[in-house]
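The values are calculated or read from the model by the stated rules, or taken from the named source; none is laboratory data. Everything numeric here is computed off the predicted structure, so don't read it as measured data. Note: ideal-geometry Cβ built from the backbone for every residue, glycine included; neighbour counts use all protein chains shown. Each accessible area value is taken on the protein alone, full model and side chains, heavy atoms only, with ligands, DNA and RNA left out. Shrake-Rupley method; radii C 1.70, N 1.55, O 1.52, S 1.80 Å.
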Amino acid sequence: MRNSLLQVDDLLRGRGRFSGETIAAGGIRALLIFVITFGTFYGAVMGTYTGLAPDRAHQLLYSGVKVPLFLLVTFALCLPSFFVANTIAGLRQDFGEALQAVVAAQACVTVVLACLAPVTGLLYLSISSYRLAVMVNGVMFAAASFASQIVLRRHYAPLIRKSSKHRFMLHAWLVFYIFVGIQMGWVLRPFIGAPGSPVRFFRDDAWGNAYVVLARLILSILGGR
Amino acid sequence: MAGMFSSFRDLDQLLRGNATTPELLGKGTDHLKLGSNLTVVILLGIIYGVSMGLFGVLTHEPPINLQVLSSALKVPALFLLTLVVTFPSLYVFGALLGVDLSPAQILRALMAAIAVNLAVLASLAPITAFFTLTTTSYSFMTLLNVAFFALAGFVGIGFLLTVLQRIELARRTLVESRHGKPAEPKPAVADGVGIVEPDEVRDACAPPPSQPAREIGGSTWGADRGLDIRFPPPPTPRELRGRSAKRVFYAWLMLYCFVGAQMAWVLRPFIGAPGLPFGVFREREGNFLQSVLRSISNLLN
């Protein structure tokens, strides 16, 4: 327990096996364990908005499963194209470091989310609108994503020094990850669980396209309908 | 009982500034005792809570005696719960930005700051009690308490800033004396967004040669090392990071104030509004800011 917390400290401070300079043995496995542990914790806290009611306790479980699932499935979907793009650019020999960098960034997202979980919990206690609860979580995820850039860039700095093509790869990764991530978040709804609607793992109408919905929304606002 | 007296002796040292001299803080924050400051926080919180709860006894018909007990428990809980909620994020963001303090050190400094905060607040308790005796306006009492909490909070934050700056200064002096001469800054890579430094914080801790009394982040760090009026050279990567760490600290302070206000809202009522029956907590509704604005408009109308 204490040992793994010290490893989280290393990840945050960029020390020891997570200094970003070399590939650490078993580093990626440790990072994936962080993603699952801290992601599940934040997800469960996220679900407490309605999940504390007696017959809705499985909302905690669903939300807890969904946060790491969201990050890891998005990651898995983007990985093949990232691998191929790196290989084509002639950066294959650095792929181990690049992979560790993007996994470390996701571990950082979940650690930051977990440290903000008490704030989310407190805000849940004092707000009564579901929309506000969604917004609170949006702010927390945004903060975590920005904070994870520190870890991502710390890991990528030695690679970029080696070849400036790595900078392009980093930006391409971010664009694809965000593009897929938005749709993944849409498909995996509900994360929080709206009061009044029954607890389900997926929403009945979930298999839409976030971008199409967004485009229709913008059109309807512009059209005044 | 003896423990309690020694806790208050420690508080006295803290308030006089004897416990926060640069020499002592250079050795770390181990001398700021966590348990002793916790005792002080709880006792002084109870004192102020009682003075807040008096309103329910004096202005309600029949008097709500339970409000005194409830407020006495809630004031210390307010400060300690706010600390619990905000401490993890302070640690994580600090570690991400290279603030070289362990969680235990940060916690001791924060608990000392909260003790100072409550010392100021409890010293205002007689004034709150006096106004309670002479006022029947609930809005006025609400705003008076908000003002007193804010005043005490500013003193506590000022204390915390001083402590953290002195620790940082002591560390830089220590690194300089250990290396004999200041270390050369390590090469850094600008990557478009920020400066990424490859090495550890400690290695690049000292400023480059010929600028021993530089100020960091445009503030007055190092001002007590004598006058050194020169045009400042461009900032080193270490200093840039120092600045971003400072910005994060200020952002965290805003989070702390926000969480504190929201925590107070969740834990309400502290004073006990006229016309409402006694309850330990109220329904979920509204927020802190709305309520302050409503009190102001009530008072003016």
What is the percent carbon and sulfur in the accessible area of region A:2-223, measuring with a 1.4 Å probe over the protein chains and ignoring ligands? 72
Can you tell me the FRET efficiency between residue A:182 and residue A:61 if r is taken as the Cβ-Cβ distance and R0 is 25 Å, rounded to the nearest 0.05? 0.55
Hey, can you find the accessible area per residue of chain A for me, probe 1.4 Å, expressed in square angstrom? 48
In nm, to one decimal, how far is the modelled label at residue A:132 from the one at residue B:176, with both set 7 Å along Cα→Cβ? 5.1
Lysine pairs meeting the criterion (Cα under 25 Å, 8 or more apart or interchain), as found in the protein assembly as shown: 6
From highest to lowest solvent-accessible area (probe 1.4 Å; ligands, DNA and RNA excluded), B:16, B:108 read B:16, B:108
Förster radius 35 Å - calculated FRET efficiency between residue A:215 and residue A:165, Cβ distance, rounded to 0.05: 0.55
Under the span-like rule (Cα at least 30 Å along the axis, Kyte-Doolittle mean at least 1.0), DSSP H helices of chain A: A:58-88, A:95-126
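In square angstrom and rounded to 100, what buried accessible area do you get between chains B and A, total over both, with the probe at 1.4 Å?
Using a 1.4 Å probe on protein heavy atoms, the buried area is about 2600 Å².
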Per residue of A:115-125, what is the mean number of Cβ atoms on other protein chains within 10 angstrom of that residue's Cβ? 6
Over chain A, relative contact order from alpha-carbon pairs under 8 Å, at least 6 apart, %: 26
